[in-house]
Amino acid sequence: MANPGKGTFLITGGLGYIGSHTVVEMLLRNYNVVVIDNLSNSSELVLDRIAAICGRKPVFYPIDLCDRSSLEDLFATEKDLQAVIHFAALKAVGESVENPLLYYKNNLISLINLLDCMVSHSVHNLVFSSSCTVYGEPDTLPVTEKSPIKQAISPYGNTKQIGEEIIKDTTQSTQLRSIALRYFNPVGAHSSGKLGELPLGKPNNLVPLITQTAVGIFPFLRVFGNDYATPDGTCIRDYIHVEDVAIAHASACERLLSGNGKDYEVFNIGTGTGYSVLEVVKAFEQASGLTLPIQVENRRPGDIEKVFADTSLSNQILGWKASRSLSEMMRSAWVWQQSLNNKE
Ligand code: NAD
Ligand code: UFG
């Protein structure tokens, strides 16, 4: 049921992994939420999972953001939108190399349609899902928001760089105000055990591959390279609990609505700590009590050796700080995987 005293947020891609956790966070804060998702990488059943946690569902429109006239209709119908959180995008790095036009079309046309509708319907606040992929292989660590943007390694990464530029330019010529959040590696699942990542097909990312190996879907985890210049030879990333990422969106929305800050701002969303692939495997083994079979293989093309965030800007300006440990990330991912398996 709509909550008249609170704002209404449009969340695109709101049935996906990070989007659904953010929908839950916003509903639990008593905001009204409208979701757009074309279900290309999610399922309408996620609405039931959200309701099981929050006691209510968001308003849902099963539309494609590339369909300009349906988007216009939505903005004409939903007249009270105060802000948009834009998650909807395709995100598989390898697929983007094989089919770049699919990625440029989906990720950029949807963004341009959205911005056009926001400007013409006077919706002035936007939070954008960007990625630490924009930093490429950094020269110095940790990376700050001022670290250089490197040549994108994939068309997917390029859509994030171009997306940031399009939004920045739009904020300079219209009343739009925007915050781009550069996430590092979101992992884990909701602490309720009722919501998590539902990758369609074979996952590409480390944590779902670990949990699916643990339940026997794969015979072993392939560790891509142990000859990097890191303490144990495996790559280092800044893994962050998806619930901490969701909370960062609430903080960003609240900053935009407060009217504070510049028209366009960028924040790193990580924990500030890097863990190697083998450290993540060990944390999973401790959380699950299992021994994970692994096999060391060649390096994966395009992998960055090490990257982790300087989060002082988001800590100070957004008043946000990641609080969940690697062990909580692994435990929640494992609880979620087991709940999926029990249903099969
Ligand atoms: P996801 O695939 O789980 O969610 C994206 C959702 O958007 C899906 O439900 C999909 O059906 C929907 N969607 C895609 N194209 C659409 C379109 N044209 N119209 C309507 N809906 C559309 O992905 P996620 O992991 O939740 O990622 C969310 C955002 O965060 C993406 O923009 C992604 O690029 C970015 N990001 C993700 C990660 C990560 O590791 N998961 C890291 C950095 C940035
Ligand atoms: N890895 C393995 N074995 C696997 C899968 C991954 O060893 O089976 C390793 C990778 O080599 C890497 C680390 O685990 O060192 C993390 O890999 P992920 O694929 O989980 O994450 P990435 O850091 O490569 O990429 C993620 C998102 C991208 C995004 C990037 C930066 O998947 O979409 O973060 O934001 F661009």
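Restricting the range 229-251 to residues that are within 13 Å of ligand 1 (Cβ to nearest atom) and among the aliphatic types (A, V, I, L, M) leaves a set whose member that is farthest from residue 126 (Cα to Cα) is 240.
Checking each residue in the range 188-213 for being open to solvent by 10 Å² or more (accessible area, probe 1.4 Å) and closer than 30 Å to residue 115 by Cβ picks out 197, 198, 199, 200, 204, 205. The set of residues from the range 77-92 being near ligand 1 (Cβ under 10 Å from one of its atoms) and either free of Cβ contacts under 8 Å to residues at least 40 places away in the same chain or not in a strand (DSSP E or B) (or both) comprises 87, 88, 89, 90, 91, 92. Do any residues in the range 46-57 that are under 16 Å from residue 336 (Cβ atoms) have Cβ atoms under 8 Å from those of residues that are assigned to a helix (DSSP H, G or I), where the two are at least six apart or on different chains, and which pairs are they? From residues that are under 16 Å from residue 336 (Cβ atoms), the pairs are 46/20; 49/20; 50/20; 50/23; 50/24; 50/27; 53/24; 53/28.
For the range 224-279, filtering for residues that are open to solvent by 20 Å² or more (accessible area, probe 1.4 Å), acidic (Asp, Glu) and closer than 23 Å to residue 312 by Cβ leaves 4. The residues listed here are 107, 113; of these, the one that is touching a residue at least 12 places away in the same chain (Cβ under 8 Å), within 16 Å of ligand 2 (Cβ to nearest atom), over 26 Å from residue 271 (Cβ atoms) and open to solvent by less than 20 Å² (accessible area, probe 1.4 Å) is 107. Residue 280 meets the stated requirement of being within 21 Å of the chain's Cα centre (by Cα) and β-branched (Val, Ile, Thr). Within the range 206-225, residues that are closer than 19 Å to residue 298 by Cα and within 16 Å of ligand 1 (Cβ to nearest atom) reach partners that are open to solvent by less than 40 Å² (accessible area, probe 1.4 Å) and among the aromatic types (Phe, Trp, Tyr) with beta carbons closer than 6 Å, at six or more positions or on different chains, in the pairs 210/284. Of the numbered criteria (1) at pLDDT 95 or above; (2) open to solvent by less than 50 Å² (accessible area, probe 1.4 Å), the one residue 82 fails is (2).
Residues that are open to solvent by less than 30 Å² (accessible area, probe 1.4 Å) and charged (D, E, K, R) do occur in the range 159-177, at least one of them.
Counting only helices (runs of 4 or more DSSP H) wholly contained in the range 242-344, the ones carrying 3 or more residues that are of a type in the set (Ser, Thr, Tyr) and farther than 23 Å from residue 148 by Cβ occupy 326-343. Within the range 151-169, not a single residue is outside any helix (DSSP H, G or I), at pLDDT 95 or above, away from ligand 1 (no atom under 11 Å from the Cβ) and touching a helix residue (DSSP H, G or I) at 6+ places or on another chain (Cβ under 8 Å). For the range 40-55, filtering for residues that are surrounded by fewer than 15 Cβ atoms within 10 Å (Cβ to Cβ) and not in a helix (DSSP H, G or I) leaves 5. Residue pairs whose Cβ atoms lie under 8 Å apart, separated by 6 or more positions or on different chains, with the first residue in the range 183-199 and closer than 16 Å to residue 55 by Cβ and at pLDDT 95 or above and the second of a type in the set (S, T, N, Q) and away from ligand 2 (no atom under 15 Å from the Cβ), are 190/332; 194/339; 195/20. Filtered by the rule that a residue be among the β-branched types (Val, Ile, Thr) and open to solvent by 50 Å² or more (accessible area, probe 1.4 Å), the range 124-155 gives 140, 149, 153. Is there a residue in the range 268-284 that is touching a Cys at 6+ places or on another chain (Cβ under 8 Å) and farther than 24 Å from residue 220 by Cα? Yes, the range 268-284 contains a residue that is touching a Cys at 6+ places or on another chain (Cβ under 8 Å) and farther than 24 Å from residue 220 by Cα.
The values are calculated or read from the model by the stated rules, or taken from the named source; none is laboratory data. Keep in mind the model is a prediction, meaning the values are calculated, not measured. Heads up, the Cβs are rebuilt from the backbone with ideal geometry, glycines too, and the neighbour counts pull from every protein chain shown. Side chains included, ligands, DNA and RNA excluded: accessible areas come from the protein's heavy atoms. Shrake-Rupley method; radii C 1.70, N 1.55, O 1.52, S 1.80 Å.
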